[in-house]
1. Is it the case, given these coordinates, that T32 is among the hydroxyl-bearing types (S, T, Y), farther than 28 Å from K221 by Cα and at pLDDT 95 or above?
2. Collect the residues in the stretch 164-222 that are among the basic types (K, R) and within 19 Å of A39 (Cβ to Cβ), keeping them in residue-number order.
3. From the list C85, C97, exactly one residue is in contact with an Asp or Glu (Cβ under 9 Å, 6 or more places away or on another chain), closer than 23 Å to Y193 by Cα, at pLDDT 95 or above and not β-branched (V, I, T). Which is it?
4. Given the conditions (1) out of contact with any Leu (no Cβ under 6 Å at 6 or more places or on another chain); (2) surrounded by 18 or more Cβ atoms within 10 Å (Cβ to Cβ); (3) small (G, A, S); (4) on the phi < 0 side of the Ramachandran plot, and given that A186 satisfies all but one, which numbered condition is not satisfied?
5. Output the qualifying pairs, or none if there are none: Cβ atoms under 8 angstrom, residues six or more apart or on different chains, first residue in the stretch 207-220 and at negative phi and modelled with pLDDT under 95, second residue of a type outside the set (S, T, Y) and not in a helix (DSSP H, G or I).
6. What residue, of A180, A133, A154, A186, is in a helix (DSSP H, G or I), more than 22 Å from L44 (Cα to Cα) and not polar (S, T, N, Q)?
7. Looking at the stretch 127-170, which of its residues are of a type in the set (D, E, K, R) and buried (at least 20 other Cβ atoms within 10 Å of the Cβ)?
Amino acid sequence: MKKYIAECIGTFVLTFLGCGAAVSLGCAETNTAAVVGTAIAFGLSVVAMAYTIGGISGCHINPAITLGCLITGRISCKDSVGYICGQVVGAVIAGACLAYIYGAGTGIGSNGIGAGCNGSAVTALIVEAILTALFVLVVLGATHKTNGDTGKFAGLAIGLSLILIHLVGIHFTGTSVNPARSIGPALFAGGEYLTNVWIFIAGPFIGSFIAAGLWKLVENKE
C-alpha cells in the first residue's frame, strides 16, 4: 500500500502544482512567458517527486508510464492496477483543491483541443500519442538497469524532457501525456473539458504502447 499511497501523493503534487501554475500564470497559446512557466512547473514537479518517492514506488505518477512498465515487464499486473488507482485518486483530489481555490470556471488547467489542432479531435489524439510515446521512451531508457551511474540522474532527465514536451504540446492540447492529470481537473471543470477527456486517456495509452514497442526493439538486457 505504501507504493500506491506514494503514487497518489506524487500525482497530486504534479497535478496541483502544474495545473495551478497554468492558471496562476494565465497560460494561453499567445502568452509565451506563461507557456514556458507552465512547462517548467510540470517538469520541476516531476523532478521533485522523482527524488522524493522514486525509492518507494519508482515515481510513475502517470498511468501511461505504468502501462509502459507493465508491457515491458517491469511491474506486475496487480501493482499496475494499484498504481493507476492511486494516481487517479491523487489527481482527482488535486482537481477538487484547484476548483475550490481558483474556481472551476477557470478551467483549472484542464486539457482541450487547442488552436494548433484546428478543432480536430483526431489531430489532438495523434499529438498526444506522439508526445506520450517520446516521454515514456525517455522514462524507460533513463531508468533502465544498464544505465549504471547515469541512472542517478534519471529524475532530472525525465523532468527536463517533460518541459520540452510541454513547450511543443501546449499549443495543441495544453499537453496531457498523462490520463490521471487530465481526469482530475476535467471532472470539476466539466463542459467540453469533460467531453474531450477521452482524447487524453486514449492518446497517452496509445503512445505508451508505441514507446514500449520501440524500447523492446533497442533494449540491451545485459
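1. No: the conditions fail for T32.
2. Passing the criteria: only R181.
3. Residue meeting the stated conditions: C85.
4. That leaves (1) as the condition not met.
5. Between residues of the stretch 207-220 that are at negative phi and modelled with pLDDT under 95 and residues that are of a type outside the set (S, T, Y) and not in a helix (DSSP H, G or I), the close pairs are E219/H144.
6. Exactly one of A180, A133, A154, A186 is in a helix (DSSP H, G or I), more than 22 Å from L44 (Cα to Cα) and not polar (S, T, N, Q), namely A186.
7. Scanning the stretch 127-170 gives a single hit, E128.
The values are calculated or read from the model by the stated rules, or taken from the named source; none is laboratory data. If you're wondering where the values come from, they're calculated on a predicted model, not measured in any experiment. Methodologically, a virtual Cβ is constructed for each residue, glycine included, from the backbone with ideal geometry; neighbour enumeration extends over all protein chains shown.
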